Amino acid sequence: MGLTEASSLWSSKPILTLTMNPALDVSTSTDLVYSGHKLRCGRSSLDPGGGGANVARVIQRLGGQALAVFTAGGTTGDTYRRLMEAEGIPVLVAAVGGITRQDVTVDENSTGNQFRFVLEGPELSEGEWRTCLKIVGRSIRAGGYVVASGSLPPGVPEDFYARVARLAREADVRCVVDTSGPALTEALAEGVFLVKPSRRELAEHVGAALDSEQSQIDAASSLIAEGRADYAALTLGEAGAVLASKASVIRLPTPSVKVVSTVGAGDSFLAAFVLRLAQGNTAEAALRTAVAAGSAAVMSPATELCCRDDVERLEAEMVARALETN
Ligand SMILES: Nc1ncnc2c1ncn2[C@@H]1O[C@H](COP(=O)(O)OP(=O)(O)OP(=O)(O)O)[C@@H](O)[C@H]1O
Ligand SMILES: [Mg+2]
């Protein structure tokens with residue numbers, strides 16, 4: 001059974017994604033990047049980016065649905081909202097006085113290099129970030145999921161995701177966090193249902209390189225032992241992922257794929273993982289779809305996310321490989 005047919009058979013627990021620092025992604029290409037002259041670029045595309053929004057977009061592509069909550073301001077904010085709605089995603093916008101940022105990705109045709117310019121988001125006032133918390137509090141549903149993903153813009157306190165985690169716990173909602181630095185540390189101190197650090201992010205958090213398999217397993221497991229999370233999904237780029245929980249530690253390699261652009265891999269991984277859990281699958285089955293989705297995303301150019309056909313094909317390959325080795 002394909003992913004689409006399977007998804008339509010399973011009802012899903014409600015999922016809300018939160019994007020505090022969205023970015024309108026402009027992607028284009030040029031022959032060579034050098035200084036001193038105008039760089040004439042090819043066609044450009046415009047996508048609504050940022051962790052939570054990407055998670056909602058991938059969930060939609062995989063046959064599910066999430067409510068996307070994000071901040072938006074100015075004409076870029078309007079365009080961002082329209083692009084999300086055009087994908088059929090239900091949205092709730094927290095209007096802000098600042099102007100939604102843009103990010104620029106330039107592929108250099110002659111070398112295959114990719115340049116990513118990530119701008120700072122607009123500063124949020126205390127009233128604005130408190131409104132975001134209120135919107136989340138009003139919109140989450142008991143038994144569902146809230147996915148808080150991405151960086152925090154200036155003005156938002158480092159414990160913002162910890163506040164979301166507390167709200168979620170009080171409402172019997174599973175809080176999922178994908179972020180880095182102090183925002184991650186604060187959220188873990190509060191305790192979450194699922195955390196999805198990359199190797200780089202967890203290494204920074206624990207203050208060790210995590211370059212051996214054992215150190216990776218130990219670091220993910222310690223988050224569970226210390227009560228920081230019920231599940232820790234540590235993603236390892238081309239080396240796949242480790243999923244730690246009270247019950248077990250599972251390691252899953254990636255299928256081999258042609259790497260075009262790694263942008264959006266983590267968001268695709270997380271979207272598939274949460275959707276599968278919300279549909280009532282085991283964590284092990286969810287991890288397989290998640291690794292397939294992450295790897296499908298790296299096959300797509302620039303900031304493009306995974307597409308459903310690739311996820312289904314890679315997942316089927318992984319199932320076949322697992323059957324062969326058993
Ligand atoms: N080079 C690759 N080849 C195959 N699959 C990949 C590759 N890079 C990433 N993936 C897939 O995407 C998932 C997430 O990738 P990764 O660990 O790089 O997380 P990330 O969140 O994108 O990283 P970061 O936030 O640090 O930029 C991996 O678990 C894997 O399934
Ligand atoms: Mg990431």
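Out of the stretch 258-280, which residues are under 14 Å from I15 (Cβ atoms) and not hydrophobic (A, V, I, L, M, F, W, C)? If you could, list the steps in order and put the result at the bottom.
The initial filter retains those residues of the stretch 258-280 that are under 14 Å from I15 (Cβ atoms), namely 267, 270-280.
D267, R276, Q279, G280, listed by residue number.
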Checklist entry - What are the residues in the stretch 227-267 that are among the polar types (S, T, N, Q) and farther than 30 Å from N109 by Cβ, if any? => result S245, S248
Item to check | Total residues in the stretch 71-106, condition over 21 Å from the mean Cα position of the chain (by Cα), open to solvent by 40 Å² or more (accessible area, probe 1.4 Å) and over 14 Å from C132 (Cβ atoms) | outcome: 3
Checklist outcome for this item: Restricting attention to the stretch 61-86, the residues that are in contact with a helix residue (DSSP H, G or I) (Cβ under 9 Å, 6 or more places away or on another chain) and of a type in the set (K, R) number exactly 1
Item to check | Among the candidates D103, D78, residue that is of a type in the set (D, E) and within 16 Å of ligand 2 (Cβ to nearest atom) | outcome: D103
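From the residues in the stretch 258-267 that are in contact with a helix residue (DSSP H, G or I) (Cβ under 6 Å, 6 or more places away or on another chain) and modelled with pLDDT of 95 or more, which one is surrounded by the fewest Cβ atoms within 10 Å (Cβ to Cβ)?
Quick first cut of the stretch 258-267, residues in contact with a helix residue (DSSP H, G or I) (Cβ under 6 Å, 6 or more places away or on another chain) only: 259, 262, 264-265, 267.
Then drop every residue that is not modelled with pLDDT of 95 or more, which leaves 265, 267.
Numbers: A265: 25, D267: 30.
If we take residues in the stretch 258-267 being in contact with a helix residue (DSSP H, G or I) (Cβ under 6 Å, 6 or more places away or on another chain) and modelled with pLDDT of 95 or more, then A265 is surrounded by the fewest Cβ atoms within 10 Å (Cβ to Cβ).
Within the stretch 286-326, how many residues turn out to be hydroxyl-bearing (S, T, Y) and without any contact (Cβ under 8 Å) to a residue 12 or more places away in the chain? Can you show your working first?
Filtering the stretch 286-326 for residues hydroxyl-bearing (S, T, Y) gives 289, 295, 300, 303, 325.
Then keep just the ones that are without any contact (Cβ under 8 Å) to a residue 12 or more places away in the chain; that gives 325.
Matching residues across the stretch 286-326 total 1.
Are any of the residues in the stretch 192-199 without any contact (Cβ under 8 Å) to a residue 24 or more places away in the chain and open to solvent by 70 Å² or more (accessible area, probe 1.4 Å)? Quick ask: steps written out before the conclusion?
Restricting attention to the stretch 192-199, the residues satisfying the condition of being without any contact (Cβ under 8 Å) to a residue 24 or more places away in the chain are none.
Scanning the stretch 192-199, I find no residue that is without any contact (Cβ under 8 Å) to a residue 24 or more places away in the chain and open to solvent by 70 Å² or more (accessible area, probe 1.4 Å), so the answer is no.
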Checklist entry - Going through the stretch 21-55 one residue at a time, which ones are away from ligand 1 (no atom under 16 Å from the Cβ), within 24 Å of D178 (Cα to Cα) and either open to solvent by less than 20 Å² (accessible area, probe 1.4 Å) or at pLDDT below 95 (or both)? => result P22, L24, S27, P48
Checklist entry - Taking A247, is it open to solvent by 40 Å² or more (accessible area, probe 1.4 Å) and among the hydrophobic types (A, V, I, L, M, F, W, C)? => result yes
Next on the checklist: Where the second residue is within 6 Å of ligand 1 (Cβ to nearest atom) and in a loop (DSSP other than H, G, I, E, B) and the first is over 18 Å from V263 (Cβ atoms) and β-branched (V, I, T) and lies in the stretch 234-249, which pairs have Cβ atoms under 8 Å and are six or more apart or on separate chains?
Outcome noted: V242/L236
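The values are calculated or read from the model by the stated rules, or taken from the named source; none is laboratory data. On a predicted model such as this, the values are computed, not experimentally measured, just so you know. When we count neighbours, we look across all protein chains shown, and the Cβ atoms used for this are built from the backbone with ideal geometry, even at glycine. All accessible areas refer to the heavy atoms of the entire protein, side chains included, with ligands and DNA or RNA removed. Shrake-Rupley method; radii C 1.70, N 1.55, O 1.52, S 1.80 Å.
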